[in-house]
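The values are calculated or read from the model by the stated rules, or taken from the named source; none is laboratory data. Because the structure is a prediction, the values reported are computed rather than measured. Using ideal geometry, Cβ is built from the backbone for each residue, glycine included, and neighbour counts are taken over all protein chains shown. These area figures cover heavy atoms from the full protein model, side chains too; ligands, DNA and RNA do not enter into them. Shrake-Rupley method; radii C 1.70, N 1.55, O 1.52, S 1.80 Å.
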Amino acid sequence: RWRQLYRQPPPTPSSDRLHVAFTLGALVADNYLALQAGDAQQFRNNSQDLLNYCRVLGLAEKVTPDVMAGSKMAETEDWDALRTRMLQTQQHIEALLVEQRDEDLAILLNLGMWFRLFDITTSLVVAEPEFKEKTLCLGSVALLDEAVVRFGRLSEATRANESIVLIGGALDMLQRHWSSKAGSPNQE
């Protein structure tokens, strides 16, 4: 039932680079969802959105070959190779952002991917109240802790941004409820 978790295509990218980077991370996660669903058409459509967001950050020219190779792998249903290509593409985008001294954008890309994957997995767990392994939502508490540390590496100016404050608040709330001290999470 992976296809039930698809979202509408994102809006036209804004000029807010912070928002674009976070959304770009969510698009990377949506490609993982299309991969899991084995949906080549959705993967290609999502990849076009991903390129549009890369264009705003000045990365499209360098990322296009990776994305096109991934789309070809989806078309031929080479899912194992595509999984590896997607990770390489994500890492390439992050490296390009760091190379152009946009470390905050690289962090936001990573956090955007993490939050979208959290959204996907949480939807699955909530839909099945009897599901026992609720930490599937996070991957692991250590992964959540790493996301919190990554958020802390954002510059002060970025963390003060109105939208980014919301991300920090969500991470803080999740860490309070999902820490090893909080015990096993409940359905709520």
ask   = For VAL149 and ASP80 in one chain, what is 0.36 nm times their gap in residues minus the Cα-Cα distance, to one decimal in nm?
value = 21.8 nm
ask   = With a ≥ b ≥ c the root eigenvalues of the C-alpha gyration tensor of region 72-122, is it rounded (a/c under 1.5), prolate (a/b larger than b/c) or oblate?
value = oblate
key: Pairwise label distance in nanometres, LEU166 with LEU136, each label 7 Å out on the Cα-Cβ vector   = 2.8
key: Alpha-carbon Debye profile of region 82-180, log10 I(q)/I(0) at 0.12, 0.18, 0.25 Å⁻¹   = -0.45, -0.94, -1.34
note = Rounded to one decimal in nm, the spacing of the 7 Å Cα→Cβ label points at GLU156 and ASP16 is 2.3
key: Exposure of ASP49 as accessible area (Å², to 10), given a probe of 1.4 Å and all protein chains   = 30
request  = Would you calculate, for the chain, the mean residue ellipticity at 222 nm contributed by helices, counting each DSSP H stretch of 4 or more residues as -39,500 (n - 2.57) and dividing by all residues, to the nearest 500?
outcome  = -24000 deg cm²/dmol
message = If you count only protein heavy atoms and use a 1.4 Å probe, how large is the accessible surface of CYS137, to the nearest 10 Å²?
response = 10
ask   = So, with +1 on the Cβ of K and R and -1 on the Cβ of D and E, and no other charges, what is the size of the charge dipole of region 5-72 about its Cα centre, to the nearest 20 debye?
value = 80
task = Can you tell me how much longer the chain between ARG176 and GLN88 gets when fully stretched, taken as 0.36 nm per residue apart minus their C-alpha distance, in nm with one decimal?
result = 28.4 nm
ask   = ARG55 to LEU124: extension gain in nm, 0.36 nm per residue of separation minus the Cα-Cα distance?
value = 21.6 nm
request  = Could you tell me which label, among (1) 1.03; (2) 1.32; (3) 1.13, carries the value of Cα Rg over 2.2 N^0.38 Å calculated for this structure?
outcome  = (1)
